[in-house]
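Visitor: Sending over a structure as structure tokens; questions will come in a sec.
The values are calculated or read from the model by the stated rules, or taken from the named source; none is laboratory data. No experiment lies behind these values; they were computed from the predicted model shown. Quick reminder, even Gly has a Cβ in these numbers, built from the backbone with ideal geometry, and neighbours come from all protein chains shown. Keep in mind that these areas ignore ligands, DNA and RNA; they rest on the heavy atoms of the full protein, side chains included. Shrake-Rupley method; radii C 1.70, N 1.55, O 1.52, S 1.80 Å.
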Amino acid sequence: MTPPQEDPAADEVAIRRIFGDGFVDWVLAVDGQPTRTPEQLSVATLVHRASQGVVPEGAPVPAYLRISHLGMINPDTGKTLLNELRLASGGTELVLPEPPDDNVLAALHVWAAENFGGLLLGEGGFSLGWGGQARERMTRAIAEDPALPFTIESAPTDGLLHVTSAGSAGGLQLAMLGPGIVAAAFRRASARCAATPELDDLLTDLPAALNTARALYAGKAVQTLGLAGLSGVLLPEGKPELTAPWGRVRIALETDNRLVDSLRDLTSMSLPDGSQLVSRGTGDLTVETTVPWVSEFAQQPAESEFPSAISSSSYSHLERRVQDVRLAFALAMDNPHLPPLLPTWAKIDNPIADVTGYTMTEIARLRQRTPTRLSVEQAEEWERWIAVLDGLALENLGHASQRLLRAITERQDPVDALVDAVIVWESIFGTHSEITFRVCASLARLLCHTLEERLVFMKKAKGVYTMRSKIVHGASDVKMEKISESRDVAVQVAIAALRAVLQERPDLLAFADSGKRSEHIMLE
């Protein structure tokens, strides 16, 4: 039987599917040309073979681990195997720009260039370049720098305890600090370019990454990148992002979702024209912002002295941004049955380490996603509300934002959604006495313009309170249809009230007490 013939073109297709276009274009030295040389095809075949032989086919490991050994230094040439493959493809010897005066930065430049292919693979930096002169030079330069947390007497394996405001703590070895700084700069360049960065992009971001490391060791707070995924809603064609005063909400990139493979479910919906909308469990949109970050360094303590309570203030800041984006969406959509915009994951970039802490939300617990493509007008209204919410003292409304989002996103039982929505009312205008009358009357004053409108509203709002009272006190004769109707009214009133307060009456946010807000609006 004749063995199957090799197909180099198919090998390139295969490695692009496995490792992505950015890495493949780099290792094949593709420079926009539509056809491949025999040398490029040969390298594509070598990379494909390597990806099949390192781990068993189908093994559940990240794709880059299949060829991560190609990032090792060839002791005969002093180059990484990936760089040798790139040269074999027709690439040219790397020429770095004039080295900077800063010794540490100059060493980071050389190491980053030598290991750029491994960074493109997704390896980060910790496992790259071991045994090479560039790594030794970089480690030595860091040890000699008085602005970084080691001394000239430090050995590469010497470490410190690194406690962060992202709620993490761990060891930080001298040999790992340089690769961590480069990896952080690479992630920063990737986010800035919204695509696979070039080496020049990485070198551009290295000075800021190094300055950040020095600032942290000096005890200063810095800003770092925070990302969070949202699933269920798609931006309109031709509008890849929403601008926010503090960052943006953009279409999710594959690199955003690299750490959250466990959420890779898909939900699709067929459209009348036969096409399909697909929503990804990892996230259709990414919230991108900067968050404050603080690091503390100390000698490695005994296990009994390890910190038991560590601040997670960086995540609190990111969670507030995500909440604002989701609240803005609810306020922007004129729809009593909103498409669910679900949080999927959140991660904060460690500015001096080759790790990014992340949290995940199990979507299975939340409402079923129905993929929804926004119109341009809807996206622009969402963008406008994101700007409106910026800087407002939403915390003075207590749990109003969280409870509204639970009611319209998380609660599958209309009973739970009704209870949450009425809590929103009370967070805005709740009092300790005559609560039903005071809350309903305050909402009527806020939302209605005439006496007749207010009387009609009062009757409807009191009906919602009556329904809530029945179900929370165990009434068994209430029909689910009536509960659902009351839920819809409660949610619509909650959204309308928040719209009115946040856009038309932000002066009410000056009152941290909901009872005082109620008195103020009723006595106007």
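Visitor: Using a 1.4 angstrom probe on the protein heavy atoms only, line up His449, His109, His432 by accessible area, largest first.
Guide: Solvent-accessible surface, decreasing: His432, His449, His109.
Visitor: Residue separation times 0.36 nm, minus the C-alpha to C-alpha distance between His399 and Thr37: what's the value?
Guide: Additional length available on full extension: 124.1 nm.
Visitor: Using a 1.4 Å probe and counting only protein heavy atoms, arrange Arg373, Arg66 so the residue with the most accessible area comes first.
Guide: Ranking Arg373, Arg66 by accessible area, largest first, yields Arg373, Arg66.
Visitor: While we're on this one: Expressed as a rounded percentage, what relative contact order does the range 158-223 have, with Cα pairs under 8 Å and six or more residues apart?
Guide: About 22 percent, as a whole number.
Visitor: Related question: With contacts defined as alpha carbon pairs under 8 Å and 6 or more residues apart, what's the relative contact order of the range 404-524 in percent?
Guide: 39
Visitor: Hey, what do the phi angles of the range 210-221 turn into as Karplus ³J(HN,Hα) couplings, whole Hz, using 6.51/-1.76/1.60 and θ = phi - 60°, x for Gly and Pro?
Guide: 5, 4, 5, 4, 5, 5, 5, 5, 7, x, 8, 7
Visitor: Okay, moving on. Let me cross-check Glu485: its accessible surface, 1.4 Å probe, with only protein heavy atoms counted, in Å² to the nearest 10?
Guide: Accessible area, nearest 10 Å²: 90 Å².
Visitor: For the range 377-479, what does the accessible surface come to per residue with a 1.4 Å probe? Please give it in Å².
Guide: Spelled out: the 1.4 Å probe surface of the range 377-479, per residue, equals 51 Å².
Visitor: Something else about it: In percent, how large is the relative contact order of the range 111-256, given Cα pairs closer than 8 Å and 6 or more residues apart?
Guide: 18
Visitor: Between the alpha-carbon centers of the range 478-511 and the range 188-257, tell me the distance in whole angstrom.
Guide: Taking the Cα centre of the range 188-257 as reference, the centre of the range 478-511 is 35 Å away.
Visitor: With every protein chain left in place, what is the accessible area per residue of the range 173-263 in square angstrom, probe 1.4 Å?
Guide: Per residue, the range 173-263 has an accessible area of 38 Å².
Visitor: Treating each Cα of the range 111-205 as an identical point scatterer and ignoring solvent, apply the Debye formula and state log10 I(q)/I(0) at q = 0.10, 0.14, 0.15, 0.25 Å⁻¹.
Guide: -0.28, -0.55, -0.63, -1.28
Visitor: While we're here: Considering the dipole of the range 412-505 built from charges on the beta carbon (Lys and Arg +1, Asp and Glu -1) around the Cα centre, which of His449, Val464, Val422 is farthest to its positive end?
Guide: The one lying farthest along the dipole's positive direction is His449.
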